[in-house]
1. Whole-Å semi-axes of the range 79-165's equivalent ellipsoid, largest first, each the root of 5 times a Cα gyration tensor eigenvalue?
2. Can you give the relative contact order of the range 14-128 as a percent, counting alpha carbon pairs under 8 Å and 6+ residues apart?
3. Run the simple label-point estimate for residue 151 and residue 128 please: 7 Å along Cα→C-beta, distance reported in nm.
4. From the helices alone, meaning DSSP H stretches of at least four residues, give me the mean residue ellipticity at 222 nm for the chain, per-run term -39500 (n - 2.57), in deg cm²/dmol to the nearest 500.
5. In whole Å, what is the distance between the alpha-carbon centres of the range 112-134 and the range 1-27?
6. Looking only at the chain, where both bridge partners belong to it, what percent of the DSSP beta bridges are antiparallel (to the nearest 5)?
7. Convert 25 °C to kelvin, take the viscosity as 0.890 mPa s, use the Kirkwood radius over C-alpha pairs of the chain as Rh, and evaluate the Stokes-Einstein diffusion coefficient in µm²/s, rounded to a whole number.
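Bear in mind that the values in this text are calculations on the coordinates, not laboratory data. Predicted, not measured: the structure shown is a model, and the values here were computed from it. Ideal geometry is used to build each Cβ from the backbone, glycine not excepted, and the neighbour counts take in all protein chains shown.
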């Protein structure tokens, strides 16, 4: 596999892709855990005025009966009115599309947004559902036996690692 992209550079590229399409009233919702880290960075960089939302999609996953709750997960918090809002769901890596499907299901439990877009740092292909990112600075290929993980260092910096399953 080629050298992994620098997560900090991908965050900057993602912000530049999004900048012409967001307003201060655009709402970001990060998916725990990596998506929340990216959403926090984007929220500051894009100077959005709506509070940041976070989402734990564990209960909405179609494989919940096999996976259960992942340890240390925080509850969802959507501190703005979803109805008629422009919402960007933020995650670190887009793979099968099942996490995003779960996020959409949960989001619509809060109301009917005017528009929903998806922003991710990396798209690794392998889609099982017809879901695509609106904003994505990096596409890459990994073997099905590998996982692309975003990690946060103590200093707050983000870094990708590849883990064998």
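1. 26, 16, 11
2. Numbers: 210 pairs, mean separation 33.6, N = 115.
Computed value for the range 14-128: 29 percent relative contact order.
3. Each label point lies 7 Å from its Cα, and together they span 2.6 nm.
4. Calculated mean residue ellipticity at 222 nm is -7500 deg cm²/dmol.
5. Taking the Cα centre of each part, the range 112-134 and the range 1-27 sit 14 Å apart.
6. Antiparallel bridges: around 30 percent, rounded to the nearest 5.
7. Values: Rh = 16.1 Å.
Approximately 153 µm²/s, per Stokes-Einstein.
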